[in-house]
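Structure, as structure tokens:
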């Protein structure tokens, strides 16, 4: 678990949990709760994606970018039927809150770490700023 020190009001330091790690209870065991998980999606299994990138489903140049359906590709972990580290393509993105993404199939994915290096470099060249707290923005039409 990644820990960082924060100075308290009276100079004492305390440790806080990184947002990428599940919460732990008083006995130090994982509580099963994920920091920032949307309460509306409670009860759904959460799969982890690493080295992820976003892809358009349509290649039609006449469709405006904001109207194209987006999916996420990446290495999946903890998903039944897939070996850990298998590269997958999700269903269309329906909603995103923080680092959690809901797809049209009802699956919830947690985006772990930075995106794929190639995708990250492409974002920089395009002038797209990477937001580590909310990496996927949903535009309303």
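A few remarks follow.
- When the range 113-131 is limited to residues that are in contact (Cβ under 8 Å) with a residue 24 or more places away in the chain and within 13 Å of the chain's Cα centre (by Cα), the one that is nearest to residue 38 (Cα to Cα) turns out to be 113.
- Per this entry, residue 49 is not counted among residues that are surrounded by 13 or more Cβ atoms within 10 Å (Cβ to Cβ) and in contact with a helix residue (DSSP H, G or I) (Cβ under 8 Å, 6 or more places away or on another chain).
- Some residue of the range 87-100 being farther than 24 Å from residue 43 by Cβ and in the same structural domain as residue 44 (by TED's automatic domain parsing): yes
- Test: residue in the range 58-68 that is touching a residue at least 40 places away in the same chain (Cβ under 8 Å) and surrounded by 14 or more Cβ atoms within 10 Å (Cβ to Cβ): no
- Filtering the range 103-127 to residues that are in contact with a helix residue (DSSP H, G or I) (Cβ under 9 Å, 6 or more places away or on another chain) and either in a strand (DSSP E or B) or loosely packed, with under 10 Cβ neighbours inside 10 Å (or both) leaves only 108.
- Residue match in the range 128-137 (condition: in contact with a strand residue (DSSP E or B) (Cβ under 8 Å, 6 or more places away or on another chain) and surrounded by fewer than 12 Cβ atoms within 10 Å (Cβ to Cβ)): yes
- Residue match in the range 79-102 (condition: surrounded by 13 or more Cβ atoms within 10 Å (Cβ to Cβ), part of a strand (DSSP E or B) and without any contact (Cβ under 8 Å) to a residue 12 or more places away in the chain): yes
The values are calculated or read from the model by the stated rules, or taken from the named source; none is laboratory data. All values derive from a computational prediction rather than experimental measurement. Every residue, glycine as well, gets a Cβ built from its backbone with ideal geometry; the counts of neighbours run over all protein chains shown.
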